[in-house]
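The structure appears right after this line, and notes come after that.
What follows is calculated from the coordinates using simple rules that are stated; it is not laboratory data. Since the model is a prediction, treat every value here as computed from it, not as a measurement. We place every Cβ from the backbone using ideal geometry, glycine too, and count neighbours over all the protein chains shown.
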Amino acid sequence: MKKLKLWCMVGLAAAGLALSGCGSGSGSSSSASLRVANATLTHPSLDLLVNTSVAVSATTADTVSAYTAPASGSTTLQLNDAGAGTALTTIVPTLAGGNHYTLFAYESASTVKTVVLNEDQTAPASGVAELRIYNVAGDAGKLDVYITDPSVDLASASSPISLTTGNVPFSTVYAAYSPGTYRVRVTGYGNKSDLRLDMPAVTLTNQQIGTVVLSPASGGVLLNGSLLIQQATYSATRNTNVRLRLAAAVSGSAAVSALAGSTVVTAGSLAPAFGFYTLVPASSTLNISVNSASVGAPAAALIAGSDMTLLVYGNVGSPVASLLTDDNRPPGDATTVKLRLINGVTGGVGALTLTANNALVATGVAAGQASSSVSVPGSTTAMSLIVTSSTSSTQYSNINNILTPGGVYTVLMGGDMAAPQFLIRSTQ
C-alpha cells in the first residue's frame, strides 16, 4: 500500500454538526440535497420528515436513501419509524443552498441519534482518493484505527490513527491514499489484542472521497462501521463478534471449561472464578464442561456486537449454563460507578440484594439471574459492598475494592450457600 501525503483540507471537528466543508456549493440555490443513512440497531425502516412533512420514506437498515431537496436555511429534521407518528429524534441544522448532506442515523443505549455529514469536499487530483474517520461511538472510549493493505497482519500494522479526545462526534482530517482496497481495523487504544471492528474491504476509486463512520454496536464496546462515499454509495459492516466471559459459579471448586467454536473462553477455571472477555464469532457453538463432564449449552444465542457473560452455576453434579447480556457503557456521570449483581450461589440461597456504601444496587436477584446495571456515587477509597439473602440473616461483605469512578463493575456471588464467595470484575 502506498499512502500519499496528507492534505489538510479539513480541520479536526471535535463536536457539533459537520455542515461545512472545503469546496462546498456556491450557496446560490434555494435548496440543499439531503439523504438518510440508516445505521440504527433496532429500527429496520425510517421515515425522514422535513419541517413536519414526510420527505423520504422507509430507508431500511444498512442502506442510504435517494436525495431529497429541503429548502436552505434552518430546517427541522425528524426521524420516525416508517409509517409511525412518533419522533425518534429531531434536530434543526442550517443547510446551505446547493450543498449535499447525509443525515447519518445510529443508536446508542436504545436512543436514536444523528449527525449531519457534509458531502462537498473538493475532489483530489487524478490518481488520488481521500478518506477520513468519523467517530460517534463515545461509549467505546479511546481507540486506535489501522488502515492497511488487506494482506497485512494486525500484529505487523503500525502508525495507527489514535482517537483519544473522548469527544464525539469527532472527525479526523481527510487523508490522501492511492486508489485501491484497504482494510480498516479498530482496536482499543494502545492494545492490538482488543479488536473492536474489522472492515476487510474498504475500496476507494480514483478521486473518490470516503468517510468511515464508527458507531456503537449493541454492547457499547464493540463497533459497527459504515463507508460513505461522497455523493455516491453507502455500505455497512455490522460486527459479527461477541465479547464473551465465563462466570464459573458451580459448587465444589469444580473445574469449568468453555469453548466458543474453536476459541477457548477458558481452559479450566476452578469455581468460583470470574474471567475476562474473549472475542468470539457470534455464530459459535458453545461447548461447556464441568470436571470434564459436558454441560448443556444455554438456549439463548450469542448476540452479535454485544458483551455477554456465560454463567455456569448449580450443584457440581447437575450444573446449568445461561447467557447474560452485559451493558458496559460507562455511567453518564463520571463521578459514579455502574454496578450490577449476578447470583450464582448454589443451595437455597433465595433472592439476593446488593448495596454499595448503603446505596441500593439490586434486590430480588434469583439464582442464575443478573440485575440491571445501576449507577451509584463513586469513591476514591474502598467501597463497602454488602450482599444479603432472602433466606438467611447472614451478610456477605467486601470492603477491600476501590471501584474507580466512571467504571463499570459486576459483582458475582458464587459457590456453595454455606460459604459463598464474592468476586468483582470490571468491564475489561
> In sequence order, what are the phi-derived ³J(HN,Hα) couplings for segment 278-287 according to the Karplus relation 6.51 cos²θ - 1.76 cosθ + 1.60 with θ = phi - 60°, rounded to whole Hz, with x for glycine and proline?
Replying inline: 10, 7, 9, x, 5, 7, 5, 8, 8, 10
> Working out 0.36 nm times the residue gap between residue 391 and residue 192, then minus their Cα-Cα distance, what length gain in nm do you get to one decimal?
Replying inline: 67.0 nm
> Which of 164, 146, 203 sits farthest toward the positive end of the charge dipole of segment 110-213, with +1 on the Cβ of Lys and Arg and -1 on the Cβ of Asp and Glu?
Replying inline: 164
> Is segment 93-161 rounded, prolate or oblate when judged by the Cα gyration tensor, a ≥ b ≥ c being the square roots of its eigenvalues, rounded requiring a/c under 1.5 and prolate requiring a/b larger than b/c?
Replying inline: oblate
> Check residue 407: other-chain or 5+ apart residues with amide H under 5 Å from its amide H, H built from backbone geometry?
Replying inline: 338
>> Can you give me the long-range amide H partners of residue 412? Hydrogens built in the peptide plane at 1.01 Å from N, cutoff under 5 Å, separation of 5 or more residues or another chain.
In response: 342, 423, 424, 425
> Given 0.36 nm per residue, what is the gain on full extension from residue 90 to residue 418 after removing their alpha carbon distance, in nm?
Replying inline: 112.6 nm
> Taking amide H positions as placed 1.01 Å from N in the peptide plane, with prolines and chain starts having none, which residues 5 or more places from residue 194, or on another chain, fall under 5 Å of its amide H?
Replying inline: 188
> Between residue 380 and residue 231, what is the spin-label point distance in nm, taking each point 7 Å from the Cα along the Cα→C-beta axis?
Replying inline: 5.4 nm
> Just how many pairs of Lys in the chain have C-alpha atoms closer than 28 Å, counting pairs that are eight or more places apart or on different chains?
Replying inline: 11
>> Checking a compactness column here: for segment 240-326, what do you get for Rg(Cα) / (2.2 N^0.38 Å), N being the number of residues?
In response: 0.96
>> Just want the answer: with Cβ charges of +1 for Lys and Arg and -1 for Asp and Glu, which residue in 344, 110, 123 is farthest toward the dipole's positive end in the chain?
In response: 123
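Return the percentage of antiparallel bridges among DSSP beta bridges fully within segment 26-85, rounded to the nearest 5 %.
Details: 13 of 13 bridges.
Bridges in segment 26-85 are about 100 percent antiparallel.
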> Once a ≥ b ≥ c are taken as the square roots of the eigenvalues of the Cα gyration tensor of segment 329-428, is the result rounded (a/c under 1.5), prolate (a/b larger than b/c) or oblate (a/b not larger than b/c)?
Replying inline: prolate
> Between residue 335 and residue 158, what FRET efficiency follows from the Cβ-Cβ distance if R0 is 35 Å, with the result rounded to 0.05?
Replying inline: 0.40
> Residue by residue, what Karplus-based ³J(HN,Hα) values in Hz, rounded to whole numbers, does segment 108-119 have, using 6.51, -1.76 and 1.60 with θ = phi - 60° and x for Gly and Pro?
Replying inline: 9, 6, 6, 10, 6, 10, 9, 9, 9, 9, 6, 10
> For segment 336-386 and segment 282-305, what is the separation of their Cα centres, given in Å?
Replying inline: 26 Å
> Between segment 178-209 and segment 28-103, how many Å separate their Cα centres?
Replying inline: 28 Å
>> Can you give me the convex hull volume of the Cα atoms of the chain, divided per residue and expressed in Å³?
In response: 148 Å³
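Roughly what % of DSSP beta bridges within the chain run antiparallel, to the nearest 5? Walk me through the numbers on the way to the answer.
Details: 114 of 142 bridges.
Counting DSSP beta bridges with both partners in the chain, the antiparallel share is about 80 percent.
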> Can you give the % of DSSP beta bridges in segment 329-428 that are antiparallel, to the nearest 5?
Replying inline: 75 percent
